[in-house]
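Down below is the structure, laid out as structure tokens.
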Amino acid sequence: MKNIILLIMDGLGDRPNVELGNKTALQAADRPNLNRLASNGTTGLMSPVSFGIRAGSDTSHLSILGYDPLKYYTGRGPFEALGLGIELKPGDVAFRANYATVKGGKVIDRRAGRVHGTDVLSADLETEIDGIRFIVKSGVEHRAAVVMRGYNLSDKITETDPHTVNSPPEYTRALEPEAEFTATVINKFLDRSRKILQDHEFNRKLNSDGKLPANEIMLRGAGKIPAIPPFQEKYSMRAACISGTPLIRGIAGLAGFTNLKVEGMNGRVDTNYKNIISAAVKALDTYDFILVNIKGTDIAGHDRKPELKKSVIEQVDSVIAPFLERLDDTLIVVTGDHSTPCSYGDHTGDPVPVMFATNGIINDDVRYFDELSVSSGYYKITSNDIMPIIMSYSDRAVKYGA
Ligand code: ZN
Ligand code: ZN
């Protein structure tokens, strides 16, 4: 049996960039070690979730790790909360939230002028009502997450975001009798929040600066965290995750992974790549399966910066030489969780390169690791196929039949 390092370069897939002579960031990058790994393995293209789906990092990671998102993806609220670093517990109900501006009883801006620095508001909205704790955390600009923690909560309730301007902000309603208690508590929370936000010093300052106040918090995307069968039981492997991104750490945590700390790892483009890879190799002593997520490629894609994306790939390449020395006892898998082309600035449904590198398996003829070269490789798969292939190449798969 072999141990596994699964390196996911987030949003790795790209499209041609004029700035890079019509090459993808991978094609343009100097990547000798990725190419050596590809030469020592079998490659192909992987479609996240399914062909042509514009997967999010959450749905794609679930799928790659063998958890069908159709079954385990319970809405954006819980995953948004995980992404903000809130540790969810079974039974919690989580929402995505927006700070908005209400004037004369109507919503006039659903994003409160893309307000920022709302942490002080979120801190003051945290409370406990009828035995239910409300955890509120600000995200980027007007975004936030709200988590309800306590007994007898239901996510079968309506949103309070009217989704249009010039409509009054809404109260929530129960969609089934069992949700009445939850709806009542949320509406008390909304009343309390409106009072606090109306008189808040932060908003008085915005008003006096001629800016829109963030005097309403609107809730949507209610969901409960999914009960995920532990990875360790599903695959009989001790698993660890190395990621500086709260969303990925949150998903790994749900699946029972140990989230490792790494000095200098920050989930940004200036993270400490060397320490991350060293930590992954070291973790092979203790764990059977190590998931590494590097976020910089996705960030550069969203920011439409091909040079930066190329540079992130080159920085990763420059530190992964130790992988090449472990091919006797380790299966190295490299892929992305979706494409984030710099020319598009967001996730697309394009397939991403994938490689399975280890000694003793059949190699295909692919010698370069990029979108086009691997298209003549062995595999055309979806993310649902990754774990079964990993289990087979690591000699861990259970026989199907006699
Ligand atoms: Zn992603
Ligand atoms: Zn992204």
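A few points about this structure:
- Check on residue 124, in a helix (DSSP H, G or I) and surrounded by fewer than 22 Cβ atoms within 10 Å (Cβ to Cβ): yes
- Of the set (1) surrounded by fewer than 23 Cβ atoms within 10 Å (Cβ to Cβ); (2) free of Cβ contacts under 8 Å to residues at least 40 places away in the same chain, all apply to residue 186 but (1).
- Just one of the listed residues (54, 110) is within 16 Å of ligand 1 (Cβ to nearest atom) and basic (Lys, Arg), and it is 54.
- Verdict on residue 253 being touching a strand residue (DSSP E or B) at 6+ places or on another chain (Cβ under 7 Å), on the phi > 0 side of the Ramachandran plot, more than 16 Å from ligand 2 (Cβ to nearest atom) and open to solvent by 10 Å² or more (accessible area, probe 1.4 Å): no
- Given (1) out of contact with any Gly (no Cβ under 8 Å at 6 or more places or on another chain); (2) open to solvent by 20 Å² or more (accessible area, probe 1.4 Å); (3) touching a residue at least 24 places away in the same chain (Cβ under 8 Å), index of the condition residue 100 fails: (2)
- Those helices (runs of 4 or more DSSP H) of the range 155-268 in which at least 3 residues are assigned by TED's automatic domain parsing to the domain that holds residue 112 and modelled with pLDDT of 95 or more, considering only elements entirely within it, cover 180-198, 201-208.
- Residues located in the range 269-295, provided they are polar (S, T, N, Q), open to solvent by 40 Å² or more (accessible area, probe 1.4 Å) and either assigned to a helix (DSSP H, G or I) or more than 28 Å from residue 90 (Cβ to Cβ) (or both): 272, 275, 278
- Checked against (1) touching a residue at least 24 places away in the same chain (Cβ under 8 Å); (2) out of contact with any Cys (no Cβ under 8 Å at 6 or more places or on another chain); (3) more than 16 Å from ligand 1 (Cβ to nearest atom), residue 269 passes all but a single condition, namely (3).
- Which numbered condition residue 8 fails, given (1) within 16 Å of ligand 1 (Cβ to nearest atom); (2) touching a strand residue (DSSP E or B) at 6+ places or on another chain (Cβ under 7 Å); (3) open to solvent by 10 Å² or more (accessible area, probe 1.4 Å): (3)
The values are calculated or read from the model by the stated rules, or taken from the named source; none is laboratory data. None of these values were measured; they are calculated from a predicted model. Cβ coordinates were reconstructed from backbone atoms using ideal geometry, including for glycine residues, and neighbour counts include every protein chain displayed. Heavy atoms of the whole protein, side chains included, go into the accessibility calculation; ligands, DNA and RNA do not. Shrake-Rupley method; radii C 1.70, N 1.55, O 1.52, S 1.80 Å.
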